[in-house]
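Participant: Dropping the structure in here first, questions after.
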């Protein structure tokens, strides 16, 4: 997946939220590991746990993390969302598929991207719905979720996740 300016904004938001503090950060849907690596550089006291459901992406992310000398602070796991990573998190970030798979033909500009990184079944938002549910369980009380969705960066505190109903639908509007 080609990094975009929204990915840079996602990392900048993460940096504002964590500052120079010690933090446990999850990068869900890491792909090549670009966001996980950028988080590790921007947050020097953070431990980053990156996940991806695509085995080839995990191999690539691990290679990139090693190449950048970040293997001591970034762990890359194969699995669904937060399932493969231990413990609670101070911050969870994600750039997940969100476009309906049925609309792939309407996005020829994305044909060079891995389809699984962009398109999801149904209305495309199920990966985010499942992530929000997982984040409610896995974020620390003062933690935050930062997601990249439809060219925007959206931030929600754990409290906001607990207080809102269908968050993804509200965010996607």
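Participant: Taking the Cα-to-Cβ direction at residue 83 and at residue 45 and moving 7 Å from each Cα, how far apart do the two end points lie in nm?
Facilitator: For the pair residue 83/residue 45, the computed spacing is 3.5 nm.
Participant: Order these by the 10 Å Cβ neighbour count, fewest first: 154, 139, 39.
Facilitator: On the way: 154 18, 139 24, 39 28.
Result, fewest neighbours first: 154, 139, 39.
Computed from the coordinates by the stated procedures, all read-outs in this text should not be read as laboratory data. Not measured: the values here are computed from a predicted model. As a convention, Cβ positions derive from the backbone with ideal geometry for all residues, glycine included, and neighbour counts pool all protein chains shown.
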